[in-house]
Each structure stands twice: as structure tokens, then as C-alpha cells.
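Only one structure is covered here, and it is reproduced in the block below.
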Amino acid sequence: MKIVIVCYPTFGGSGVVATELGLYLSKKGHEIHFITYKQPVRIQNLTPLLHFHEVHVPTYDLFKYQPYELALSSRMVEIVKKYKIDLLHVHYAIPHAYAAYMSKKMLEDEGISIPMITTLHGTDITLVGSHPFYKKAVQFSINNSEYVTAVSQSLKEDTERLFEVSKDIRVIPNFIDLSKTHQRNVPCNKDVIATGDQFVITHISNFRPLKRIIDILKVFEKVRKKLNVKLLMVGDGPEKERAKWYCRAHKLDDSVLFLGNSNEIDEILCFTDLFLLPSEQESFGLVALEAMIHSVPVVCSDVGGLPEVVENGYSGYLCPVGDTNAMAEKSIYILENEERHEQFKKQAYECSKKFDIKNVIVHYENLYEEAIKISD
Ligand code: GMT
């Protein structure tokens, strides 16, 4: 099949999922065309089956806001015609689903019929999409997609609660390429970060307010009273400065490291002993799965899709949002006993296996085939 994938090219979960999906599909022999404003961060090499088409938005003084979706939909029309594309798969509803619908209509005008699939990732629904300024347009694009998928049952239910949806939303969970992680053979040098007997606790995110960054530091402070620990804060975003300030004020500077955005997530997770994700909302929590694949137990909040990813008391613990005491208690419980820690590590890895891309990809391929068939 010849498929266009539209996504955000950044470190965010939706972009990572879309990129990994495209990479895997191209390895399976499908022709994949990414259309976005920058080459996605996880794509290093383009091949005859893996293309990237940049969307340029020239600046023009009259515009206060540059019309990205206009440029994107025109680019989609151009690529569909040039490469005889079979299907559009857009990740993240805003503005991708809207732009895809426009390109679909423009193509119809030229006698070309093309199906579109929209995959909802979370914030496009729960945080931004349901805002009155966007709601109508998001609802319209969801209802006019041939198929709509959500990355968790929880996100499907949120979408049905927040929008008037006339489509049956299919749940296709996020995934991880287990074989790729095994092949990578990453160096696992814990001693560059921590002393021999120190536990490494890690958090990775875009440091937006919904990640509850200060909760991480509060949990860490409590754990530090009992155990020799170091905290790695990976990523960048609006809450980072406040977090640094908190560390200074609470004299945590010597045991908290802020690493910024990183392409070395596998290397970092390889020597991590525990992962913290106390988010206010998380429709799936891809980063929790990325930790688990590296045998890292996860202590997180009991929200959204996280209970579908992390098994309470098995691959980690789910605690009420904001309950930093419970999160600290569970973290200490996992780490303080070596045998127990080993058990949790093994179980975290076991749990991650059900999200192997090999098991998930077939759901997308089947959906693509159905969509192409109905639009013929
Ligand atoms: O979590 C973020 O802030 C990034 C966001 C995104 O759109 O990239 O992540 C969302 O999509 C991910 C991939 O499907 C999910 O794993 C995240 O849980 C989801 N974030 C939220 O729901 C807050």
C-alpha cells in the first residue's frame, strides 16, 4: 500500500508513534510518505519506501498567524497525485484531520477518491480539542474520517463523552518495537551518572503543567530520605525553570540532573531503576511503556490510559493524582528490597511484550485495507 502519514515531527508521543509506525510499515514493504514541517526526529535514513515531504509556510506580513493547515492540505493533494497514494493516515486531530478532510475534498474535485484515517492521541481531545474554540472543527473532522482510532479504551470513552461522535472509534493501542531495542546493543554506563550503590530514578516528558513536574520532585525528596537516589529529568518545556527553582530552594541540586531533550532514551532507561510519571492526564503514557521495555518498573498516576499500560502491583504502581506520599511509599517499597526490585523489573518487561509492534501493526494494516476497499 502507498500511505501518507501526517504527524508532528517532534519528541512528543504522537509523533513518535506515527514515526515508528511508518518505519515499520516501510520495512514490511509498504511505501510511506511522511508529510510534516520538519523531518521527524526518529527518522535517520530515507529509503525508496520511506519518503519525507516538508511543508513550507512562507511568512507574509499580513498574516498574524501563518496558515499551516492550508499549506499542509495543498501539499497532501500534490503528494497523493504524484505518488498515487492509497490512503491518508493522520495522527493528532488538530489541525491534521481538518487539513486531511480539505485535501480529500480537493482531490474529489479532480475525480480522485481517497480514504482518511484519524488517530487520536490524547491532548488533541482532552486538553485542546474539546475547547469551544476548536470543538466544532475537531468533531467535524472526526465524523468525516473513514475510520477513527484511539490509542486506549480510556481515550475512546473520553472522545465519546466530550464530542458528538457518529463514528465507531476503534482502539488500537500504542506499541513498541521490541526487536529494535534488543538489536541496538546500547552501552549501559550507570557509573557516568550515579555512584555504584545509588538508585537512578528517571522522568521523561515535555514538562507541560499536566505532567505535574513538582510532584516528581516531592516524591523524590521523600524517597531520598530513605534511600541513596539520583533523579534524571529528561526533556524540555514550560515547567522546567520552576522545577530547577524548586531544586535550588529545597537543596536538591546535587542529586537532580536536568538533561534536556535527548535522542538517547534507550541509553538512559537502560540504567534506570524506577520511572516516575505522576501526570494529571495521560491517554496512554507511551513513555511508561518505553521504560517497561527496558525492565524499569513505573510508579504513575491512576488516570486515563495508564491502567491499561501499567499493571498495579505487578509492573509498577498506580496512585491517585497528586498523592506524592503514596507514590514515594510505593517507590521505596519497590527499591528497598533487591529481590523485590528484580521481580518488578522482570514483570515490567513481561507486561511490555503485549504491546510489541508485531501484534499491533496488523490492526492498522487491516484497517487500511478495509478503508481502501470501501473507497474504491
Ligand atoms: O503527553 C504529551 O504531552 C504529548 C502527547 C502527544 O500528543 O504527543 O502525548 C499524547 O499521545 C501519546 C501517544 O499516543 C500518549 O502516550 C500520551 O499519553 C498522550 N498525552 C496525554 O494524553 C497527556
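Just a few scattered comments:
- Tensor-based shape of segment 148-203 (alpha-carbon gyration tensor, a/c under 1.5 rounded, otherwise prolate or oblate): oblate
- Accessible surface, 1.4 Å probe, highest first, among residues LYS358, LYS64, LYS353: LYS64, LYS358, LYS353
- Within the chain, the cysteines lacking any other cysteine Cβ closer than 4.7 Å to their own Cβ are CYS7, CYS247, CYS300, CYS319, CYS351.
- Computed Rg/Rh of segment 124-183, alpha carbon atoms with Kirkwood Rh: 1.12
- Relative packing of 296-304, 24-32, which averages over residues the other C-beta atoms within 10 Å, highest first: 296-304, 24-32
- Cross-link partners for LYS230 among the lysines, with Cα-Cα distance under 27 Å and sequence neighbours closer than 8 places in the same chain left out: LYS190, LYS211, LYS218, LYS222, LYS240, LYS244, LYS251, LYS330, LYS345, LYS346.
- Rolling a 1.4 angstrom probe over segment 179-355 with all protein chains present gives an accessible area of which 45% lies on carbon and sulfur atoms.
- Span from the segment 261-283 Cα centroid across to the segment 308-348 one, whole angstrom: 14 Å
- 1.4 Å probe accessible area per residue over the chain, in Å²: 44 Å²
- Theoretical FRET efficiency, 1/(1+(r/R0)^6), r = Cβ-Cβ of LYS251 and GLU78, R0 51 Å, to 0.05: 0.35
- Ranked by how many other beta carbons lie within 10 Å on average, peptides 263-275, 99-111 from highest: 263-275, 99-111
- From most to least packed by mean Cβ count within 10 Å, the peptides 236-248, 187-199, 43-55, 74-86 give 74-86, 236-248, 43-55, 187-199.
- The angle between the Cα long axis of helix 13-27 and the longest principal axis of the Cα atoms of the chain comes to about 60 degrees, rounded to the nearest 10.
- Rg/Rh, computed from the Cα trace of segment 262-371 with Rh as the Kirkwood radius, has the value 1.03.
- Equivalent ellipsoid dimensions for segment 86-238 as semi-axes, Å, which come from the Cα gyration tensor, largest first: 41, 20, 13
- Phi-derived couplings, Karplus 6.51 cos²θ - 1.76 cosθ + 1.60 at θ = phi - 60°, listed residue by residue for segment 76-90: 4, 4, 4, 5, 4, 6, 5, 9, 6, 5, 8, 7, 10, 10, 10 Hz, with x used for Gly and Pro.
- Reachable lysines from LYS358, criterion Cα separation under 17 angstrom, eight or more residues apart if same chain: LYS27, LYS28, LYS180
- Seen from a random direction on average, the alpha-carbon convex hull of segment 179-355 projects onto 9.1 square nanometres.
- Solvent-accessible area of PHE163, all protein chains in place: 10 Å² (probe radius 1.4 Å, heavy atoms, ligands and nucleic acids excluded).
- Restricting attention to the chain, close to 0% of DSSP beta bridges with both partner residues there are antiparallel.
- Helical runs (DSSP H, four residues minimum) scored at -39500 (n - 2.57) apiece and divided by the length of the chain put the mean residue ellipticity at 222 nm at -13000 deg cm²/dmol.
- Only Lys, Arg (+1) and Asp, Glu (-1) charged, at Cβ; the chain dipole about Cα centre in debye: 480 debye
- Equivalent-ellipsoid semi-axes for the chain (Cα gyration tensor, √(5λ), whole Å, largest first): 38, 21, 20.
The values are calculated or read from the model by the stated rules, or taken from the named source; none is laboratory data. All figures in this text were calculated on a predicted structure; none of them were measured in a lab. Methodologically, a virtual Cβ is constructed for each residue, glycine included, from the backbone with ideal geometry; neighbour enumeration extends over all protein chains shown. Areas reflect the complete protein model, heavy atoms only, side chains present, ligands, DNA and RNA absent. Shrake-Rupley method; radii C 1.70, N 1.55, O 1.52, S 1.80 Å.
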